[in-house]
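Colleague: Would you mind keeping the following structure in view while I ask a few things?
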Amino acid sequence: MRKYKFRLVLDVDQCLAFYQGLYTDVVVQADNGQTVQLPLRYFRPYISHAGVNARFVLTLTDQGKFSSLEKIN
């Protein structure tokens with residue numbers, strides 16, 4: 001399994017654009033410098049009235065498929 005730690009900051013307008021279907025994916029830079037692209041739908045439980053501003057751990061399977069996304073502090 002591969003794990004990537006990163007911070008995601010999206011303001012309320014960016015989140016609204018996601019709900020309107022203008023964007024489907026987000027590209028983040030992990031703490032180790034690697035770039036990771038994943039669907040915004042995985043962040044839906046973490047979107048608040050203020051948007052998203054949190055650190056996460058993304059876990060992928062050995063085949064590179066999504067396994068989990070966890071909010072950390």
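Colleague: Given the criteria exposed (fewer than 13 other Cβ atoms within 10 Å of the Cβ), out of contact with any Leu (no Cβ under 9 Å at 6 or more places or on another chain) and not aliphatic (A, V, I, L, M), does Asp25 qualify?
Modeller: no
Colleague: Kindly indicate the residue of the stretch 7-59 that is in contact with a helix residue (DSSP H, G or I) (Cβ under 8 Å, 6 or more places away or on another chain) and assigned to a helix (DSSP H, G or I) and also farthest from Asn73 (Cα to Cα) among those meeting that condition.
Modeller: Filtering the stretch 7-59 for residues that are in contact with a helix residue (DSSP H, G or I) (Cβ under 8 Å, 6 or more places away or on another chain) and assigned to a helix (DSSP H, G or I), the one farthest from Asn73 (Cα to Cα) comes out as Phe18.
Colleague: Being among the acidic types (Asp, Glu) and touching a Phe, Trp or Tyr at 6+ places or on another chain (Cβ under 9 Å) is the filter; apply it to the stretch 24-73 and report the residue that is nearest to Val12 (Cα to Cα).
Modeller: So, considering only residues that are among the acidic types (Asp, Glu) and touching a Phe, Trp or Tyr at 6+ places or on another chain (Cβ under 9 Å), the one nearest to Val12 (Cα to Cα) is Glu70.
Colleague: Right, next: Looking at (1) assigned to a helix (DSSP H, G or I); (2) at pLDDT 95 or above, can you tell me which one Ser67 breaks?
Modeller: Evaluating Ser67 over (1) assigned to a helix (DSSP H, G or I); (2) at pLDDT 95 or above leaves (1) as the failure.
Colleague: Residue under question is Asp62, and the condition is that it be charged (D, E, K, R), part of a helix (DSSP H, G or I) and loosely packed, with under 13 Cβ neighbours inside 10 Å; does it hold?
Modeller: No: the conditions fail for Asp62.
Colleague: To continue, here is another question. Only one of these is within 11 Å of the chain's Cα centre (by Cα) and either farther than 23 Å from Met1 by Cα or not acidic (Asp, Glu) (or both): Leu60, Leu40, Leu16. Name it.
Modeller: Leu40
Colleague: A further question on this structure: Could you grab me the full set of residues in the stretch 60-71 that are without any contact (Cβ under 8 Å) to a residue 40 or more places away in the chain and either polar (S, T, N, Q) or touching a helix residue (DSSP H, G or I) at 6+ places or on another chain (Cβ under 9 Å) (or both)?
Modeller: Gln63, Phe66, Ser68, Leu69, Lys71 - these are the residues of the stretch 60-71 that are without any contact (Cβ under 8 Å) to a residue 40 or more places away in the chain and either polar (S, T, N, Q) or touching a helix residue (DSSP H, G or I) at 6+ places or on another chain (Cβ under 9 Å) (or both).
Colleague: Go through (1) touching a helix residue (DSSP H, G or I) at 6+ places or on another chain (Cβ under 6 Å); (2) not in a loop (DSSP other than H, G, I, E, B) and name the single condition Tyr4 misses.
Modeller: (1)
The values are calculated or read from the model by the stated rules, or taken from the named source; none is laboratory data. Quantities reported herein were computed from a predicted structural model and do not represent experimental measurements. Cβ atoms come from the backbone with ideal geometry, glycine included; neighbour counts cover every protein chain shown.
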